[in-house]
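Nothing in this text is a laboratory measurement; each read-out follows from the coordinates by a stated rule. Please read all numbers here as calculations on a predicted model, not as lab measurements. As a convention, Cβ positions derive from the backbone with ideal geometry for all residues, glycine included, and neighbour counts pool all protein chains shown.
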Amino acid sequence: MRGGGGGGRPALLFSVGSFGVSRVIPQLIGVVVFAMGLATVPAARGAEIAPHRALYSMNLGSTRTDSGVIDASGTMDYEWGETCDGWTIEQRYRLKMHYAESRDVDIDSSFVTWESKDGLRYRFNQRQTRNGELDQEIRGEARLDGSGKGGVAEFTKPRPHTLKLAPGVLFPSAHTILLIDLAREGKTFVSRQVFDGAADENAVQVSAVIGTKAAVDPASARLSPLLDRPGWYIRLAFFPVDARAEQPDYELGMRLLDNGVSRDMVIDYGDYSIRAKLDDIEALGEPRC
């Protein structure tokens with residue numbers, strides 16, 4: 001979700017840990033954070049993640065006259081799966097952006113990751129096209145030397161190179177799980193560096209404001225047992241780590257349930273926003289280990 005300008009800013013990445021749109025929105029997917037004096041990254045202390053597949057419709061939210069954006073529409077398919085030793089994220093979306101004074105842009109993106117449950121190993125693969133032509137392809141893997149320690153990210157595409165990861169960096173699933181755990185503890189603000197491989201660059205700083213715990217929504221609960229869970233409204237701000245930016249590249253607002261399911265979301269770029277509405281959801285099978 002670190003966007004460029006003009007004709008096609010979004011590249012969504014989803015995961016709260018990584019809801020990357022040039023990141024696609026966050027592991028909702030993949031967004032979330034450490035702070036409040038914590039110095040290590042524990043395994044999931046209380047969060048019981050429910051593997052699931054969710055379908056979202058995307059539309060233009062607010063827009064300023066000078067943004068040039070007049071409409072947006074699309075769909076996103078997001079899967080958070082589980083293996084015996086890790087978490088998998090598969091996020092695919094198609095988004096059409098309409099502009100007042102330039103040609104429309106049709107963005108098609110696929111982002112697939114695997115992350116070990118101890119939060120120390122991570123693989124990522126993204127492919128994105130604009131108007132049918134390849135826009136970017138990113139592939140690689142990353143590892144940390146231990147809980148709370150630094151590590152490296154090794155890219156094979158778009159060009160072979162290695163980046164050093166600072167101590168305390170989190171990968172997307174560990175980020176989301178940690179956010180849920182800290183929300184349960186009553187924390188209201190957390191900030192941490194997160195690496196998701198959604199862009200050919202280093203980790204970003206993600207700051208989160210966590211609202212009060214929200215009760216189960218009866219209407220939503222009737223749609224699926226996966227939605228029969230309490231959660232929190234969370235506002236995430238994404239800052240470039242290497243720049244002294246006072247304003248984030250973009251912000252993500254959503255309701256995150258305590259099982260890892262993300263409800264309706266808003267990706268705010270400042271001059272316009274994209275809304276993602278949950279249309280359907282189903283449970284995925286758990287591994288037999």
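So how do Leu178, Leu134 line up by other beta-carbon neighbours within 10 Å, fewest first?
On the way: Leu178 27, Leu134 9.
Lowest to highest Cβ neighbour count: Leu134, Leu178.
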So what are the radius of gyration and Dmax for the Cα set of the range 77-214, in Å?
-> 16.8, 51
Take the alpha carbon atoms of the range 197-223, find their center, do the same for the range 58-78, and report the distance between the two centers in whole angstrom.
-> 20
Order of Asp279, Asp77 from fewest to most other C-beta atoms within 10 Å?
-> Asp279, Asp77
What nm distance separates the two modelled labels at Ala221 and Arg103, each placed 7 Å from Cα along Cα→Cβ?
-> 5.1
At what distance in nm do the modelled label points of Glu48 and Asp264 sit from each other, each positioned 7 Å from its Cα along Cα→Cβ?
-> 2.8
Taking a cut-off of 12 Å between Cα atoms, list the aspartates and glutamates near Lys213, but don't count ones fewer than 8 places away on the same chain.
-> Glu185, Asp258
Counting other C-beta atoms within 10 Å, which of Val216, Val241, Val69 has the fewest, and how do the rest follow?
-> Val216, Val241, Val69
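Starting from 0.36 nm per residue, how many nanometres of slack lie between Val209 and Thr65 once their C-alpha separation is accounted for? Could you put the intermediate results ahead of the total?
On the way: separation 144, 0.36 × 144 = 51.84 nm, distance 2.86 nm.
Full extension of this stretch gives 49.0 nm more.
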